[in-house]
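A.B. asks: The structure is given below, and queries will be raised subsequently.
The values are calculated or read from the model by the stated rules, or taken from the named source; none is laboratory data. Note that the structure is a prediction, hence the values are computed from the model and not measured. Note that each Cβ is placed from the backbone with ideal geometry, even for glycine, and that neighbours are counted across all protein chains shown.
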Amino acid sequence: MNGSDVIVKVSGLVKDFRPGFGLRRKRVLHGIDLQVRRGEVFGFIGPNGAGKTTTLKILMGLIRATEGSAEILGHDVRETAFRRHVGFLPEGPYFYDFLTGREILRFYGKLAGGHAASPESHIDELLEWVGLSQAADLRLRAYSKGMLQRIGIAQALVHDPEVVFLDEPMSGLDPIGRKEIRDLILRLHGEGKTIFMNTHILSDVEVICDRVAIIAEGRVVHEGGAHVLLERERQPFDIAVSGLDPELAESLVTELDAELRGRGERVEVRVREKDVDLTLERILARGGRVRGVAPVNAALEELFLKAVEGGPHEEEGA
Ligand SMILES: Nc1ncnc2c1ncn2[C@@H]1O[C@H](COP(=O)(O)OP(=O)(O)OP(=O)(O)O)[C@@H](O)[C@H]1O
Ligand SMILES: [Mg+2]
């Protein structure tokens with residue numbers, strides 16, 4: 001890999017906070033290492049309080065690391081000039097809600113100092129791009145959460161950055177809102193942007209991230225390809241059945257290692273993907289009715305829980 005293909009490089013990052021005067025300092029990052037490559041959608045995932053936002057704030061130059069180094073596009077994050085190539089959506093962003101979507105983008109466009117020659121056409125394009133053309137002249141106080149997140153993403157893109165940092169872009173959104181943001185991120189990815197995303201919503205990670213790092217209690221406990229987490233063969237499926245023959249249920253458990261959930265008339269049978277066809281045939285042959293078949297997507301969830309529970313305590317356990 002060419003050195004210039006590393007867009008974000010974090011080495012040995014440590015952060016101590018002093019909760020208040022005279023109080024003991026608290027270490028929230030214990031030596032974070034990670035790298036994000038060009039064109040990648042990188043998911044930085046971990047439970048509440050793990051240190052995701054703190055890491056991102058250091059990368060954005062908003063706070064200083066206690067130890068270690070962080071570089072973006074080959075520049076130390078304490079420099080400022082390279083920032084025009086960086087976009088940022090903060091966690092739960094607050095915008096002046098008496099401004100319209102268009103005015104907000106103008107405002108941030110001026111701050112970033114970009115596109116001085118054709119600001120309005122660029123802002124129109126951007127509004128269109130995030131699906132807010134209709135709402136362009138509406139005040140932000142009339143925007144839904146999903147619309148606010150989309151204007152937030154437009155704000156992060158107003159100066160056409162190479163790399164975009166998003167802190168919890170899907171948080172607080174309903175499934176439709178989340179899908180809209182997901183689609184935007186995938187389109188950005190298609191345009192060759194590098195994306196660094198903090199999140200704890202695992203199903204989104206599985207759909208859009210190329211690589212992930214899992215952080216727990218200030219330590220990276222796993223880093224790797226998101227696809228590895230989704231080995232299809234091991235991915236279980238839930239088959240919802242009514243009228244499952246008890247004898248068949250028994251044999252699915254013993255022969256296919258199936259798990260049964262629910263009681264009475266409606267039962268869910270969890271089997272490996274390779275056993276789905278066989279299970280369906282046997283259910284139908286015994287007069288059961290199949291109500292639905294759905295992948296469980298448990299792979300990342302399990303890995304996440306394992307990493308979070310086991311990771312930071314490994315040394316103590318040994
Ligand atoms: N300014 C601060 N002073 C003291 N402690 C802080 C400060 N900012 C963050 N922390 C602590 O650092 C830890 C990590 O917080 P951080 O916001 O980075 O977590 P996070 O992974 O982004 O969590 P979430 O998923 O809830 O957004 C938490 O224990 C938090 O209380
Ligand atoms: Mg956070």
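A.B. asks: Within the stretch 72-92, is even one residue of a type in the set (D, E, K, R), surrounded by 15 or more Cβ atoms within 10 Å (Cβ to Cβ), modelled with pLDDT of 90 or more and more than 23 Å from E168 (Cβ to Cβ)?
C.D. replies: No, there is no match, as no residue in the stretch 72-92 is of a type in the set (D, E, K, R), surrounded by 15 or more Cβ atoms within 10 Å (Cβ to Cβ), modelled with pLDDT of 90 or more and more than 23 Å from E168 (Cβ to Cβ).
A.B. asks: Answer yes if at least one residue in the stretch 238-259 is modelled with pLDDT of 90 or more, within 29 Å of F44 (Cα to Cα) and surrounded by 13 or more Cβ atoms within 10 Å (Cβ to Cβ), and no otherwise.
C.D. replies: Looking for residues that are modelled with pLDDT of 90 or more, within 29 Å of F44 (Cα to Cα) and surrounded by 13 or more Cβ atoms within 10 Å (Cβ to Cβ), one finds at least one in the stretch 238-259, hence yes.
A.B. asks: Among the residues in the stretch 220-230, are any within 16 Å of ligand 2 (Cβ to nearest atom), modelled with pLDDT of 90 or more, under 34 Å from the mean Cα position of the chain (by Cα) and over 12 Å from R282 (Cβ atoms)?
C.D. replies: Among the residues of the stretch 220-230, at least one is within 16 Å of ligand 2 (Cβ to nearest atom), modelled with pLDDT of 90 or more, under 34 Å from the mean Cα position of the chain (by Cα) and over 12 Å from R282 (Cβ atoms), which makes the answer yes.
A.B. asks: Let me ask another. Among the candidates P161, P169, P175, which residue alone is at pLDDT below 95 and closer than 17 Å to T53 by Cβ?
C.D. replies: P169
A.B. asks: Of the residues I58, I72, I32, I63, which is farther than 13 Å from M197 by Cα and away from ligand 2 (no atom under 16 Å from the Cβ)?
C.D. replies: Being farther than 13 Å from M197 by Cα and away from ligand 2 (no atom under 16 Å from the Cβ) holds for just one of I58, I72, I32, I63, which is I72.
A.B. asks: So, one more: Somewhere in the stretch 14-22, is a residue within 16 Å of ligand 2 (Cβ to nearest atom) and of a type in the set (A, V, I, L, M, F, W, C)?
C.D. replies: yes
A.B. asks: Only one residue in R78, R106 is among the charged types (D, E, K, R), more than 14 Å from ligand 2 (Cβ to nearest atom) and under 27 Å from V220 (Cα atoms). Which one? Spell out how you get there, then give the answer.
C.D. replies: Working: R106 fails: under 27 Å from V220 (Cα atoms).
So the residue among R78, R106 that is among the charged types (D, E, K, R), more than 14 Å from ligand 2 (Cβ to nearest atom) and under 27 Å from V220 (Cα atoms) is R78.
A.B. asks: Let me ask another. Go through (1) on the phi > 0 side of the Ramachandran plot; (2) in contact with a Gly (Cβ under 9 Å, 6 or more places away or on another chain) for E67 and report which single condition fails.
C.D. replies: (1)
A.B. asks: Same structure, new question: Residues that are assigned to a helix (DSSP H, G or I) and either among the aromatic types (F, W, Y) or outside the structural domain of G49 (by TED's automatic domain parsing) (or both): does the stretch 120-134 have at least one?
C.D. replies: Checked the stretch 120-134: at least one residue is assigned to a helix (DSSP H, G or I) and either among the aromatic types (F, W, Y) or outside the structural domain of G49 (by TED's automatic domain parsing) (or both).
A.B. asks: Enumerate the helices (runs of 4 or more DSSP H) found wholly within the stretch 178-293, keeping only those where 1 or more residues are farther than 30 Å from E162 by Cα and touching a helix residue (DSSP H, G or I) at 6+ places or on another chain (Cβ under 9 Å). If you could, list the steps in order and put the result at the bottom.
C.D. replies: Details: elements: 202-208, 246-256, 276-285.
In the stretch 178-293, the matching helices (runs of 4 or more DSSP H) lie at 246-256, 276-285.
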